[in-house]
Every structure is written in structure tokens, then in C-alpha cells.
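The values are calculated or read from the model by the stated rules, or taken from the named source; none is laboratory data. Everything numeric in this text was worked out from a predicted model, so none of it was measured. Reconstructed Cβ throughout: ideal geometry from the backbone, glycine too, with neighbour counts over all protein chains shown.
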Amino acid sequence: MPALSAESEKKLRLIDEKLLEGRRITVDEGRFLYEEAPLEWLGERASRRRRALHGEEAYYNRNIHFEPTNICIYACKFCAFYRPPKAAADPSSGAWDYSFEDLRAKLDRYPAGSLTEIHITGGVHPDRGVEYGEALCAFIRNLRPEVHIKAFTAVEISYFAKKSGIPVAEALERLKAAGLGSLPGGGAEIFDPEVRKRIAGGKSPAHTWLEVHEIAHKAGLFSNATMLYGHVENFGHRLDHMLRLRDLQDRTGGFRAFIPLRYRNDANALSHLPEALPADDLRNYAVARLFLDNIPHLKAYWAMLGLELATEALDYGVDDLDGTVDDTTRIYSMAGGPAHPTASVKILEDAIRSKGRVPVERDSEYRTEPLKSLF
Ligand code: SF4
């Protein structure tokens with residue numbers, strides 16, 4: 001990056017003053033940080049903010065994923081995971097649809113107390129309404145009452161409600177009663193309507209995603225938020241995305257973590273696009289930490305990024321590496337992420353310590369105290 005002009009130096013100083021005073025930065029200032037701020041400067045400021053929020057602690061959890069099906073009514077161009085409904089009957093198509101008994105067999109591999117969270121997302125199956133989600137949550141709660149169920153993107157929940165002919169609020173209440181603990185952040189992609197149309201045409205629009213999360217927060221369910229970046233969007237689109245999240249968080253306070261997700265370009269309809277470079281990833285984490293002043297946690301999802309780069313991101317505002325995963329997700333491995341994403345507690349703790357930070361196991365709500373006696 002070329003040396004900054006005197007005017008840009010001055011802008012940077014003014015932004016720094018604002019940040020030091022705890023004032024919010026604007027979209028224009030965010031764009032300036034993306035375009036002109038030196039990466040080292042961003043890392044230092046994002047770390048300062050992260051330190052103010054979390055000290056030197058960095059979090060992880062013991063989780064697995066369950067992806068019930070990759071059969072999906074949508075056909076997002078960035079997605080390497082989905083198979084169309086007509087592929088369901090073709091064993092060579094790579095489509096799957098696991099039963100509850102498959103899930104039982106998976107859970108049976110984990111002794112009591114060895115997991116705190118199951119993360120469930122998958123394709124939007126054409127035949128499934130809220131009754132399916134309720135039955136799945138109840139099945140897990142019955143089998144493993146101690147495990148937090150973080151399940152169903154806003155896109156899946158919106159379809160459940162539509163299929164069952166009920167309002168989203170009722171669908172969420174029923175899922176919560178059946179054992180749903182929180183919502184993952186997937187399906188957000190990029191909120192800008194034009195970009196969303198280009199990469200995920202047909203899928204629920206931004207306002208639906210935001211509404212589902214707002215209703216969930218009001219129903220006492222917290223959630224996460226993602227942003228898929230590094231495809232056809234620009235910095236303005238990223239800031240628009242984060243601004244909408246920041247505004248919603250001001251109203252509800254229900255987001256726990258923001259999770260930027262780098263577009264991976266294997267085996268999908270956008271494979272001609274290059275992927276973001278590591279320096280872009282780090283810049284994106286740092287700007288997110290500074291712009292999203294009201295979402296407490298910033299997560300580097302190592303199963304998408306690789307553990308090495310996720311660890312590096314700890315120097316750019318990140319305070320959470322996600323969890324052990326144990327090779328239970330294929331969403332990113334099918335698109336070019338680590339082929340068999342597994343990390344033991346030791347591996348995650350060593351990664352965190354390598355940055356001079358203190359590893360802390362958390363539960364899904366970022367509580368840490370009870371866990372110290374549990375494990
Ligand atoms: S991203 Fe989700 S909604 Fe889109 S095609 Fe893939 S599985 Fe379906």
C-alpha cells in the first residue's frame with residue numbers, strides 16, 4: 001500500500017480519536033479504513049478494542065455440526081454443498097438426507113460431558129416444515145439434554161414457517177419449546193439486494209433474514225451473524241451489511257458473535273472468481289471489529305479459513321476461533337476449506353497461546369464459569 005497523503009494521515013488521526021473516545025465510526029470512515037488504513041494500524045486498533053472487551057482471553061468450544069441434508073430448493077451460486085431435489089434419488093449425485101437414527105449414531109460417539117453444542121444447518125428441503133425442526137430438536141434434547149442446540153439459519157426457519165403456514169414468531173416459539181437454544185448466523189451472505197440477486201437469487205431477501213433474527217431475539221433466542229465476502233461485492237456492500245446488523249443490534253442486543261466468511265471458490269458456479277488474500281481477510285476482521293462496536297464477539301471460523309490464518313486473525317480483533325468441529329461439517333470442505341476440519345482442545349489452546357493469549361472454553365452463550373468445573 002503506498003504511503004498515505006497528509007490528508008489521509010489526518011483522517012486516520014481523527015478516526016483514531018473517535019475510537020479512543022468510544023464514538024461510532026461512519027460508513028464513509030469504514031470505507032476509508034478498508035481502502036487506505038495500513039494493515040498494521042488496523043491490527044493495533046482492533047486489538048485495542050478487543051482487549052477492552054475481552055482482555056487477553058480467546059474463546060473456543062467443544063462442538064459438532066450436523067447437516068441433515070444437502071437437498072435444497074435454492075441454488076446459490078457460491079454454494080458447493082447443495083444438490084437439487086431431483087438429485088435426491090440419484091446415488092451418484094452426492095445428495096444426502098440423514099435420518100434421526102443416523103444422528104443418534106453420531107451422538108453416541110461422544111461420551112456425556114464431552115460436547116456442549118450441536119450446530120445444525122443444511123439445505124432447505126422442499127418437504128420440511130416446522131414439524132421437522134421441532135421433532136429434530138426434541139430428539140436431541142431427549143438424547144442429550146445437556147447439549148445446546150444451535151440450529152437452523154433464518155433461511156431455513158423462514159421456509160419452515162411458510163411450509164407449515166404459520167408466522168415466523170410461532171415457528172420460533174415452537175422450536176424453542178422443543179429445545180432450540182439459539183440460531184446460527186448463516187444465510188446472511190450479503191444484504192445488498194443487487195449483489196444478493198447475483199450470488200443467491202431466489203433465496204430469502206435481506207429483510208427476511210433480519211426479521212427472523214429480530215423476532216428470535218425478542219423471543220429470547222440469541223443468534224450470530226455472518227457475512228460472506230470476497231466474491232463480487234465491494235467495500236460499500238460490506239459496510240451496508242454491517243450497518244444493518246449494527247442497527248438491529250442497537251434495537252435488540254441479541255447478536256453474540258459476528259462471523260465473516262471468506263467466499264471459497266471450489267466446485268460452484270462462481271469458481272472463476274479468485275478468493276480473497278490473507279491480508280484482505282485480516283483487514284476485514286479488523287474493520288469489522290472497529291465498525292461493529294455493539295456485537296461483543298468476533299469469530300474466525302477456522303473450519304473455513306484454516307487454523308493458521310484463523311490464529312493470525314487473533315491479532316486483528318478476533319476473540320473466538322469456534323470449536324473442535326471434529327470433521328462433522330462439509331459446507332466449507334466441499335468449497336475448498338480444510339478437507340477434514342478437526343481440532344482437539346489442545347490444538348485450539350496451543351493456537352491461542354501461540355499469540356500470547358489465554359485460551360478459555362466457553363459455552364454457546366459465552367459463559368465460562370460453569371465449564372471450568374464441568375470438564
Ligand atoms: S447456501 Fe444454503 S440455501 Fe443456498 S443453495 Fe446452499 S444450502 Fe441452499
Subject >> Selection within segment 38-61 - touching a residue at least 60 places away in the same chain (Cβ under 8 Å) and within 11 Å of residue 283 (Cα to Cα) >> reply: 39, 42, 43, 46
**OP:** Among the candidates 171, 177, 138, 188, single out the residue that is surrounded by 18 or more Cβ atoms within 10 Å (Cβ to Cβ) and part of a helix (DSSP H, G or I).
**Re:** 171
**OP:** Would you mind telling me which numbered condition in (1) within 16 Å of the ligand (Cβ to nearest atom); (2) in contact (Cβ under 8 Å) with a residue 60 or more places away in the chain; (3) outside any loop (DSSP other than H, G, I, E, B) residue 86 fails?
**Re:** (2)
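On the basis of being charged (D, E, K, R), surrounded by 23 or more Cβ atoms within 10 Å (Cβ to Cβ), more than 16 Å from the ligand (Cβ to nearest atom) and not in a helix (DSSP H, G or I), does residue 327 make the cut? Walk me through it before giving the result.
Values: charged (D, E, K, R): yes; surrounded by 23 or more Cβ atoms within 10 Å (Cβ to Cβ): no; more than 16 Å from the ligand (Cβ to nearest atom): yes; not in a helix (DSSP H, G or I): yes.
Judged against the criteria, residue 327 is not a match.
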Original post:
Is it true that some residue in segment 359-370 is of a type in the set (A, V, I, L, M, F, W, C), in contact with a helix residue (DSSP H, G or I) (Cβ under 8 Å, 6 or more places away or on another chain), within 18 Å of residue 114 (Cα to Cα) and surrounded by 14 or more Cβ atoms within 10 Å (Cβ to Cβ)?
Top reply: no
Subject >> Cβ pairs under 8 Å, 6+ apart, first in segment 138-158 and farther than 14 Å from residue 116 by Cβ, second assigned to a strand (DSSP E or B) and within 14 Å of the ligand (Cβ to nearest atom) >> reply: 151/120; 152/120
Subject >> Members of segment 56-83 found to be of a type in the set (Ser, Thr, Tyr) and within 11 Å of the ligand (Cβ to nearest atom), listed by number >> reply: 69, 74, 82
**OP:** Output the residue which, of all residues in segment 55-88 that are under 17 Å from the mean Cα position of the chain (by Cα) and under 17 Å from residue 128 (Cα atoms), is surrounded by the fewest Cβ atoms within 10 Å (Cβ to Cβ).
**Re:** 67
Original post:
Among (1) of a type outside the set (Gly, Ala, Ser); (2) assigned to a helix (DSSP H, G or I); (3) under 21 Å from residue 28 (Cα atoms), which single condition is residue 294 missing?
Top reply: (2)
Subject >> Matching entry among 219, 225 (being in contact with a Leu (Cβ under 7 Å, 6 or more places away or on another chain), of a type outside the set (Val, Ile, Thr) and surrounded by fewer than 18 Cβ atoms within 10 Å (Cβ to Cβ)) >> reply: 219
**OP:** List every residue pair whose Cβ atoms lie under 8 Å apart, where the two residues are 6 or more positions apart in sequence or sit on different chains, the first residue falls within segment 349-371 and is at positive phi, and the second residue, located anywhere, is modelled with pLDDT of 95 or more and surrounded by fewer than 19 Cβ atoms within 10 Å (Cβ to Cβ).
**Re:** 356/56; 366/296
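Collect the residues in segment 1-54 that are aliphatic (A, V, I, L, M) and under 29 Å from the mean Cα position of the chain (by Cα), keeping them in residue-number order. So that I can check it myself, show each step before the final result.
If we filter segment 1-54 for residues that are aliphatic (A, V, I, L, M), which is where we start, we get 1, 3-4, 6, 12, 14-15, 19-20, 25, 27, 33, 37, 39, 42, 46, 52-53.
15, 19, 20, 25, 27, 33, 37, 39, 42, 46, 52, 53 - these are the residues of segment 1-54 that are aliphatic (A, V, I, L, M) and under 29 Å from the mean Cα position of the chain (by Cα).
Hey, among the residues in segment 89-105 that are hydrophobic (A, V, I, L, M, F, W, C) and more than 16 Å from the ligand (Cβ to nearest atom), which one's surrounded by the most Cβ atoms within 10 Å (Cβ to Cβ)? Reasoning before the result, please.
Just the residues of segment 89-105 that are hydrophobic (A, V, I, L, M, F, W, C), to begin with: 89, 95-96, 100, 103, 105.
In the following step, the residues that additionally are more than 16 Å from the ligand (Cβ to nearest atom) were identified as 89, 100, 103, 105.
Details: 89: 8, 100: 14, 103: 18, 105: 11.
Ranking the qualifying residues of segment 89-105, first place goes to 103.
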Subject >> Candidate set from segment 191-206 (those that are over 24 Å from residue 172 (Cβ atoms) and surrounded by fewer than 18 Cβ atoms within 10 Å (Cβ to Cβ)); member that is nearest to the ligand (Cβ to nearest atom) >> reply: 201
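If I filter segment 330-347 down to residues being within 16 Å of residue 262 (Cβ to Cβ) and without any contact (Cβ under 8 Å) to a residue 60 or more places away in the chain, which single residue comes out as surrounded by the most Cβ atoms within 10 Å (Cβ to Cβ)?
341
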**OP:** Could you tell me whether any residue of segment 106-127 is surrounded by fewer than 17 Cβ atoms within 10 Å (Cβ to Cβ) and within 16 Å of the ligand (Cβ to nearest atom)?
**Re:** yes
